[in-house]
1. Kindly check whether there is at least one residue in the stretch 62-73 that is in a helix (DSSP H, G or I) and within 29 Å of residue 138 (Cα to Cα).
2. Does the stretch 259-271 hold any residues that are modelled with pLDDT of 95 or more and farther than 15 Å from residue 200 by Cβ, and which are they?
3. Looking at (1) closer than 23 Å to residue 45 by Cβ; (2) modelled with pLDDT under 95; (3) part of a helix (DSSP H, G or I), which is the one condition that is false for residue 220?
4. Hey, among 129, 93, which residue is closer than 30 Å to residue 186 by Cα, within 22 Å of the chain's Cα centre (by Cα) and either crowded, with 19+ Cβ neighbours inside 10 Å or away from the ligand (no atom under 16 Å from the Cβ) (or both)?
5. Kindly indicate the residue of the stretch 262-284 that is within 16 Å of the ligand (Cβ to nearest atom) and not in a loop (DSSP other than H, G, I, E, B) and also surrounded by the fewest Cβ atoms within 10 Å (Cβ to Cβ) among those meeting that condition.
6. Condition first: touching a residue at least 60 places away in the same chain (Cβ under 8 Å) and farther than 13 Å from residue 160 by Cβ. Now tell me which residues in the stretch 104-127 satisfy that.
7. Test residue 49 against the stated conditions and say whether it is crowded, with 20+ Cβ neighbours inside 10 Å, modelled with pLDDT under 95 and in a helix (DSSP H, G or I).
8. Specify the residue that is nearest to the ligand (Cβ to nearest atom); the eligible residues are those in the stretch 12-35 that are modelled with pLDDT of 95 or more and part of a loop (DSSP other than H, G, I, E, B).
Ligand code: SF4
């Protein structure tokens, strides 16, 4: 089989940073190292970190935190109330927030303090969106995930700032922004999709142009950016298969193609991608 590899594969910068912070803490800190939730949305990566000594923080742990224990917050961002709660329990709180997400939180906080209404295009329950809403600090902030959500907005809201969850589909963001600016003509639109997510989406188009008849996305089942890549591949009218590792490849189906493109989510380790590529190349 001919395998076309996406230009960008493996971890994005924000995920790489959070994992490096965790490994650094595990080797340097004498106490226990906790993660405040899944640092990244990848079961295999989290299993690897757990086997290296990282512990997932639960409410049951709060009573037994010792002086030298530390906690790392997740790459997706953490609401202020949660960070303050952690600082009340741990002497050492390591900020694992992706710098890009931290930057968007600052944009939201400034706009909210200026009295603007924040419209976030994204998934309401995603941890990053929870952190962005929190950054609005009680100001007007709405999450929009469909054209109906735009139509149901009240028309008398004050000045509007539009931002994106960093991993959503860019075409969807552009369409939603156009619907918003058709209603709120003075709205300020900030395309806050991160560079890594945008590049991963664009690379699918390149794979199609290169002759890919199907796409394999290597990514976590709960990863938003992997789900976005699946949606973008479907929009390219290509069959798409989401797998976390080579064992999940539906080989009988894939054998029917001569050329397959391989892309990966931002929280997928390069080793998993290489295993998938090797398994595909072994097909006749
Ligand atoms: S996908 Fe983008 S926003 Fe999310 S952690 Fe990676 S670089 Fe940061």
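The values are calculated or read from the model by the stated rules, or taken from the named source; none is laboratory data. Bear in mind that the values here come from a model prediction, so they are computed numbers and not experimental data. We place every Cβ from the backbone using ideal geometry, glycine too, and count neighbours over all the protein chains shown.
1. Restricting attention to the stretch 62-73, the residues satisfying the condition of being in a helix (DSSP H, G or I) are 62-64.
Remaining after also requiring within 29 Å of residue 138 (Cα to Cα): 62.
So far as the stretch 62-73 goes, yes, one or more of its residues are in a helix (DSSP H, G or I) and within 29 Å of residue 138 (Cα to Cα).
2. 259, 260
3. (3)
4. On the way: 93 fails: closer than 30 Å to residue 186 by Cα.
Only one candidate qualifies: 129.
5. Of the stretch 262-284, the ones within 16 Å of the ligand (Cβ to nearest atom) are 263-270, 273.
From what is left, the residues that are not in a loop (DSSP other than H, G, I, E, B) are 263-264, 270, 273.
Values: 263: 30, 264: 29, 270: 12, 273: 23.
Going through the qualifying residues, I end up with 270.
6. Answer for the stretch 104-127, where residues must be touching a residue at least 60 places away in the same chain (Cβ under 8 Å) and farther than 13 Å from residue 160 by Cβ: 104, 107, 123, 126, 127.
7. Working: crowded, with 20+ Cβ neighbours inside 10 Å: yes; modelled with pLDDT under 95: yes; in a helix (DSSP H, G or I): yes.
Spelling it out, residue 49 is indeed crowded, with 20+ Cβ neighbours inside 10 Å, modelled with pLDDT under 95 and in a helix (DSSP H, G or I).
8. By that ranking, first place goes to 12.
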